[in-house]
Amino acid sequence: MTTPLLSSCGDLLDEVRRQSPLVQCITNYVAMNLAANVLLAAGASPAMVHAPAEAGEFARLSGAVTINIGTLSTLWLEGMCEAAKAAHESGKPWVLDPVAHFATAFRRKATEALLVLRPTVIRGNASEIMALAGDASSGRGVDSGDSVERAEVSAMVLARRAHAVVAVTGAVDFVTDGRDSVRIAGGSALMPKITAMGCALTGLVGACVAVAPAAPLMATVCALACFGVAGSQAAQTAQGPGSFAWQFIDALAALDGTALKAHAQVTHA
Amino acid sequence: MTTPLLSSCGDLLDEVRRQSPLVQCITNYVAMNLAANVLLAAGASPAMVHAPAEAGEFARLSGAVTINIGTLSTLWLEGMCEAAKAAHESGKPWVLDPVAHFATAFRRKATEALLVLRPTVIRGNASEIMALAGDASSGRGVDSGDSVERAEVSAMVLARRAHAVVAVTGAVDFVTDGRDSVRIAGGSALMPKITAMGCALTGLVGACVAVAPAAPLMATVCALACFGVAGSQAAQTAQGPGSFAWQFIDALAALDGTALKAHAQVTHA
Amino acid sequence: MTTPLLSSCGDLLDEVRRQSPLVQCITNYVAMNLAANVLLAAGASPAMVHAPAEAGEFARLSGAVTINIGTLSTLWLEGMCEAAKAAHESGKPWVLDPVAHFATAFRRKATEALLVLRPTVIRGNASEIMALAGDASSGRGVDSGDSVERAEVSAMVLARRAHAVVAVTGAVDFVTDGRDSVRIAGGSALMPKITAMGCALTGLVGACVAVAPAAPLMATVCALACFGVAGSQAAQTAQGPGSFAWQFIDALAALDGTALKAHAQVTHA
């Protein structure tokens with residue numbers, strides 16, 4: 001049965017392909033290529049622009065900005081803040097991906113500075129979201145040490161405090177704006193075995209929210225549902241993480257609104 | 001029928017494989033991996049060396065330098081200028097790829113500074129070349145908003161003004177030195193759906209012009225023809241952009257001068 | 001016949017998958033994605049953390065650190081030295097990959113500074129190891145101009161001088177601690193046609209030595225043997241470098257200790 005939420009997600013994917021929103025991705029070195037290919041496969045137009053000298057100016061031209069601190073440095077943080085500030089000031093949505101923000105003092109401070117600039121959506125793994133909400137987590141490095149279930153309350157607390165949509169991704173994703181919450185199933189156990197899938201997903205959230213800036217919860221669910229369906233499809237034929245990676249891109253590129261409505265596993269929590 | 005131009009292109013590809021020229025690629029973070037793999041598939045030896053502390057010194061050791069401003073920053077621009085200056089002074093060809101140079105003031109100034117250092121070849125999409133020639137374009141971000149046809153006059157004007165070979169790549173490529181012009185067909189509609197294909201092509205232009213520094217027009221046509229043939233071949237079996245990417249590399253790696261002569265779609269304009 | 005060394009290698013691979021060591025990789029922009037995917041395929045947890053502001057702090061959290069100077073710059077060198085120093089001080093093993101260290105003055109000085117910080121393992125191609133030992137080499141850019149055989153004596157001299165395990169990788173790899181030496185066969189002629197395979201291998205050495213810090217020679221042999229077996233397997237079905245790349249990841253992800261013991265070609269030199 002196609003729920004109203006699922007129907008909106010399907011329509012939004014078609015709209016992303018129609019509008020091809022320009023999405024400024026400030027992401028880590030590991031993820032850049034995959035993130036760009038994911039956005040292209042979904043019909044968006046990615047642009048990786050990070051320098052303080054132009055990041056703010058470019059943000060005003062973009063439909064949305066996504067910021068991922070995976071390979072953070074002082075100069076990049078400056079560009080991230082410029083872009084986030086410009087996005088906020090010009091009413092453009094922006095997405096924060098606080099990779100391993102708890103690991104070092106530098107990351108903790110950077111994430112605090114970015115949170116002040118009011119992200120529209122925050123996407124992370126369970127350990128990241130729990131730590132961001134001030135809860136104890138088992139995070140270590142960039143991989144999660146906690147289950148999504150354990151992070152659900154943290155996500156709701158964080159969403160209310162930050163006035164943002166919060167997405168916890170894992171085996172079954174959880175998305176909330178602090179009032180409404182949604183779970184998205186699907187995907188594959190191979191996904192965490194491929195680097196930067198989460199970072200690329202953050203980029204896709206940016207593409208969706210660029211096209212539906214007034215509905216960030218639905219836009220986030222749409223992006224996660226696309227990953228769930230494409231991931232499930234790729235897993236049917238993949239022999240391992242190497243073959244999964246390109247089959248996932250093929251599946252995502254072939255996905256349209258109708259298929260998304262038919263196959264996405266989205267339920268209100 | 002194999003024209004003299006096509007025959008030269010075929011011979012040049014074989015010569016690239018024989019000489020394996022060292023090509024210094026200063027390119028964007030998104031493109032680095034693909035550019036290196038494209039150069040290796042064509043038999044060249046890529047080296048990504050960008051720091052101001054060594055970019056000029058390394059340029060003197062290289063057969064050619066390629067510079068792409070995709071993920072520009074102040075420090076990288078410094079290294080680019082060092083490398084371009086060293087290439088120019090030591091008589092080495094260098095190739096400029098002015099990604100989205102019109103998008104921000106920072107990019108516009110950077111491109112002006114690089115043009116002063118006399119690139120041998122300038123490669124861009126239609127919007128980039130039109131804007132570089134001072135014409136109105138519909139460019140937005142890194143993807144072209146204009147057709148190659150619309151950019152042909154701009155390319156000729158730019159070639160004469162910059163004393164450079166200018167290549168406009170798209171559905172059918174156009175290459176000109178301001179006097180002679182060539183069109184290269186082939187490729188696939190999947191190519192713009194894979195990030196950094198244009199940037200990687202810039203690297204291959206560098207490899208070809210390293211081996212034929214006195215014939216930059218022909219060298220540029222050769223690189224574009226290689227992409228056209230390998231792209232057409234990969235498209236025959238690809239299921240989407242994910243499978244296209246690796247099949248393109250396989251096709252390029254298998255391409256030799258004889259096959260290039262037989263399959264390239266090159267015509268004098 | 002499974003020798004004691006081979007048996008230890010097989011057990012170590014299983015242990016890497018069981019412990020999933022956190023490995024801090026400071027590597028070049030070209031290699032980051034492949035290196036992360038290789039480490040994930042082997043069961044490790046890679047983290048690319050390079051900024052001077054946190055590289056040392058993160059090294060103390062990691063099981064091992066790997067440093068590759070492929071796309072070196074002044075700021076990155078600072079982060080590398082912080083991480084190497086922290087690793088050395090906290091008794092964590094670290095691996096040095098001195099890409100093209102002989103090419104420029106900047107690289108030579110950087111490599112000298114890193115060697116002072118006592119790498120546990122040094123991995124390079126024949127030209128790099130020969131030049132590091134002070135011998136004449138035919139290196140040019142990042143590709144080797146010399147055979148592994150020619151570099152064996154240099155490797156032993158360097159191992160003794162640097163109190164490190166030295167690995168020379170090529171057609172048949174050579175690993176030595178200055179007393180015991182091992183050769184590892186296998187792999188494929190396609191491996192040098194894919195960029196950053198050596199850099200990714202350096203990352204895998206880090207994962208192995210993180211789990212067996214007291215046996216760096218065996219840990220290094222284990223990583224090289226994994227590449228040899230996965231490379232041989234991928235080459236059986238690959239059509240070229242493009243298909244080899246993902247088939248290699250699939251093969252590595254499927255490899256376990258038993259298969260490694262059965263197929264690795266490891267002999268005492």
Report every pair of residues separated by at least 6 positions or lying on different chains whose Cβ atoms are under 8 Å apart, first residue within the stretch B:178-201 and within 11 Å of chain A (Cβ to nearest Cβ) and at pLDDT 95 or above, second surrounded by fewer than 23 Cβ atoms within 10 Å (Cβ to Cβ) and in a strand (DSSP E or B). B:P192/B:D143
So in the stretch B:204-260, with the set limited to residues that are of a type in the set (S, T, Y) and farther than 23 Å from B:Q24 by Cα, which one is farthest from the chain's Cα centre (by Cα)? B:T237
Checking the conditions here, which among B:T220, B:T267 is under 27 Å from B:A162 (Cβ atoms), crowded, with 22+ Cβ neighbours inside 10 Å and at pLDDT 95 or above? B:T220
Selected residue (only one of C:L72, C:L115, C:L77 is closer than 17 Å to C:V166 by Cβ, of a type in the set (A, V, I, L, M, F, W, C) and in contact with a helix residue (DSSP H, G or I) (Cβ under 7 Å, 6 or more places away or on another chain)): C:L115
Just to be sure I understand, how many residues within the stretch A:238-261 are open to solvent by 30 Å² or more (accessible area, probe 1.4 Å) and more than 10 Å from every other protein chain (Cβ to nearest Cβ)? 3
Give me the residue from the stretch C:135-158 that is in contact with a Phe, Trp or Tyr (Cβ under 9 Å, 6 or more places away or on another chain) and modelled with pLDDT under 85 and, out of that set, farthest from B:Q24 (Cα to Cα). C:G139
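Every residue, every condition in (1) surrounded by fewer than 24 Cβ atoms within 10 Å (Cβ to Cβ); (2) among the polar types (S, T, N, Q); (3) out of contact with any helix residue (DSSP H, G or I) (no Cβ under 7 Å at 6 or more places or on another chain), yes or no:
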residue: B:E149; (1), (2), (3): yes, no, yes
residue: B:E152; (1), (2), (3): yes, no, yes
residue: B:L158; (1), (2), (3): no, no, no
residue: B:R161; (1), (2), (3): yes, no, yes
residue: B:G178; (1), (2), (3): yes, no, no
residue: B:K193; (1), (2), (3): yes, no, no
residue: B:T202; (1), (2), (3): no, yes, yes
Mind checking which residues of the stretch C:81-113 are away from every other protein chain (no Cβ under 13 Å) and buried (at least 24 other Cβ atoms within 10 Å of the Cβ)? C:A84, C:A87, C:P93, C:W94, C:V95, C:L96, C:D97, C:P98
Among the residues of the stretch A:56-74, write down those that are more than 14 Å from chain C (Cβ to nearest Cβ) and polar (S, T, N, Q). A:S62, A:T66
Take A:S138 and tell me if it is farther than 16 Å from A:T202 by Cα and surrounded by fewer than 19 Cβ atoms within 10 Å (Cβ to Cβ). yes
Taking the conditions exactly as written (within 15 Å of the chain's Cα centre (by Cα) and outside any loop (DSSP other than H, G, I, E, B)), does B:V95 satisfy them or not? yes
One residue from B:T104, B:T120 being over 18 Å from A:S62 (Cα atoms) and of a type in the set (S, T, Y): B:T120
What number of residues in the stretch C:176-193 are out of contact with any strand residue (DSSP E or B) (no Cβ under 9 Å at 6 or more places or on another chain) and over 30 Å from C:A245 (Cβ atoms)? 1
Filtered residues of the stretch B:209-237 (kept if within 14 Å of chain A (Cβ to nearest Cβ) and over 18 Å from B:G198 (Cβ atoms)): B:T237
Considering only the stretch A:202-234, state which residues are outside any helix (DSSP H, G or I) and touching a strand residue (DSSP E or B) at 6+ places or on another chain (Cβ under 9 Å). A:P213
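The values are calculated or read from the model by the stated rules, or taken from the named source; none is laboratory data. This is a predicted model, so every value here is computed, not measured. In this analysis, Cβ positions are derived from the backbone assuming ideal geometry, glycine residues included, and neighbour counts consider all displayed protein chains. Surface accessibility is based on the protein's heavy atoms, side chains included, excluding ligands, DNA and RNA. Shrake-Rupley method; radii C 1.70, N 1.55, O 1.52, S 1.80 Å.
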